[in-house]
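No lab work stands behind these numbers, since they all come straight from the coordinates. Computed from a predicted model, the values in this text were never measured in an experiment. In this analysis, Cβ positions are derived from the backbone assuming ideal geometry, glycine residues included, and neighbour counts consider all displayed protein chains.
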Number of protein chains: 2
Amino acid sequence: MKKEKSEFKEIFIKYIEDKGMRHTKQRELIVDSFFSAGRHITSEELFNIVKKKNPEIGYATVQRNLNLLCESGLAEEIKIGKQKTRYEQKYGSKHHDHLICVKCGRLIEVNDEKIEKLQDKLARANNFIPIKHKLEIYGICGNCK
Amino acid sequence: MKKEKSEFKEIFIKYIEDKGMRHTKQRELIVDSFFSAGRHITSEELFNIVKKKNPEIGYATVQRNLNLLCESGLAEEIKIGKQKTRYEQKYGSKHHDHLICVKCGRLIEVNDEKIEKLQDKLARANNFIPIKHKLEIYGICGNCK
DNA sequence: ATATTATTGATAATAAAAATCAATATCATT
DNA sequence: AATGATATTGATTTTTATTATCAATAATAT
Ligand SMILES: [Mn+2]
Ligand SMILES: [Mn+2]
Ligand SMILES: [Zn+2]
Ligand SMILES: [Zn+2]
């Protein structure tokens, strides 16, 4: 069974090479681990995962490469309240917004095409060209009520 | 011409007294300055304004009282990207969301009743009780395009 | 007035993320 | 395969925003 190179990795490698950067074992491990981890991971959580496979790796390297993933468009920062920044996978998942439980912190991913359209309309009505948006609805999730 | 005590101040004083806290000249100045300042001010900006009226005042006092304003419901934190926290006046202005220019940083306040309704519906469809939400649309404002 | 204690202002502590830097690894060139 | 240029790493320090600490002071009840 041949190991296929995942597309996210190809995209990342291309981004790296185009900028004259280099391919390293650490990068590979970090990128792989990021995409097989949970959907809203912190740098610390990813560091702990990565450390198990390669205990030599440093925290700074994980942070740096998460930043690179963001720059390349493969990841995106999510900041909720006073929590540490979380990183969302932007490959293999379409745009969505979040319902955030104020009791347990659960993130529920949602999408509403009507809302998306109205947001665009609202922006344009204000002579504003929308690029991206962030919608977070805070409340009580099903488990917590 | 008698100076009327503004309602926001009454609300704040009531909040303070109910918690067994005390009324001080610093609080009064900070609250007054906050409500006559711009709509999305940082603690640093407010500190600089307040310092002109009372150069004795400390930064920590401004921060603390902004936090109190938030607790009382009269102010709300807005965090945009990596910027310092800004504080929004929540008295005398109804709920709104923001268009945020990625070029000049301008904040445009908007509201769309249809979007608000659909957000509620979306939350409930996910067995989620919405409490509040935050919608930020990033893009290019009229001045910048 | 006095006693109690919340508040202040100066400063230190905290915490997340970015910057620094010498040692090392990568990679194009030979 | 060895070389040289330089990007990356890991450890550490720095930065920056916010919160915590604490002795002195001010506000309030008695
Ligand atoms: Mn998500
Ligand atoms: Mn606003
Ligand atoms: Zn919950
Ligand atoms: Zn603009």
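Please state the equivalent ellipsoid semi-axes for chain B: what are the square roots of 5 times the Cα gyration tensor eigenvalues, largest first, in whole Å? Walk me through the intermediate numbers first.
Numbers: eigenvalues 186, 88, 39 Å².
Taking √(5λ) for each eigenvalue gives 30, 21, 14 Å, largest first.
With each run of n ≥ 4 DSSP H residues scored as -39500 (n - 2.57), what mean residue ellipticity at 222 nm is computed for chain B after dividing by its residue count and rounding to the nearest 500 deg cm²/dmol? Write out the running numbers ahead of the final one.
On the way: 5 runs with 62 residues, N = 145.
About -13500 deg cm²/dmol.
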- Sorting from shortest, the nanometre distances separating the label point of A:ASP18 (7 Å past Cα along the line to Cβ) from those of the same residue in the other copies are 5.5
- Task: Compute the long axis of helix A:43-53 from its Cα atoms, compare it with the longest principal axis of the Cα atoms of chain A, and write down the angle in degrees, 0 to 90, nearest 10.
- Result: 30 degrees
- Once you've got the Cα coordinates, tell me which of B:LYS53/B:LYS90; A:LYS84/B:LYS132; A:LYS103/B:LYS9 are over 28 Å apart. A:LYS103/B:LYS9
- Between the alpha-carbon centers of segment A:39-55 and segment B:28-78, tell me the distance in whole angstrom. 40 Å
- Note on the structure: For segment A:5-11, Karplus-derived ³J(HN,Hα) couplings (6.51, -1.76, 1.60; θ = phi - 60°; whole Hz; x for glycine and proline) come out as 7, 5, 5, 4, 6, 4, 4
- Of all the residues in chain A, which one has the C-beta that comes nearest the axis relating A to B, and what is the distance in Å? A:LEU135, 2
- Message: Assume the label is 7 Å from Cα along Cα to beta carbon: what separations in nm does A:ASN143 have to the matching positions in the other copies?
- Response: 4.5
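Rounded to the nearest 20 debye, what is the charge dipole size of the protein assembly as shown about its Cα centre when +1 sits on each Lys and Arg Cβ and -1 on each Asp and Glu Cβ?
On the way: 58 positive and 42 negative charges, 72 e Å.
Computed charge dipole of the protein assembly as shown: roughly 340 debye.
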- Apply the Karplus parameterisation 6.51 cos²θ - 1.76 cosθ + 1.60, with θ equal to phi minus 60°, to every residue of segment B:68-73 and state each ³J(HN,Hα) to the nearest whole Hz, in sequence, with x for glycine and proline. 4, 4, 5, 4, 6, x
- Message: Using only the alpha-carbon atoms, how far is helix B:113-125 inclined from the longest principal axis of chain B? Give it as 0 to 90 degrees, nearest 10.
- Response: 80 degrees
- Please report the relative contact order for chain A, taking Cα pairs under 8 Å with a sequence separation of at least 6, and give it as a percent rounded to a whole number. 18 percent
- Simple spin-label estimate for A:GLU7/A:LYS90, 7 Å along Cα→Cβ, in nm, reads 1.6 nm
- Item | Zero-based 5 Å bins, Cα pair distances in the protein assembly as shown, whole percents | 1, 5, 10, 11, 13, 14, 13, 12, 9, 6, 3, 2, 1, 0, 0, 0, 0, 0
- Message: List, shortest first and in nm to one decimal, how far the label point of B:THR42 (7 Å from Cα along Cα→Cβ) is from its counterparts in the other copies.
- Response: 2.4
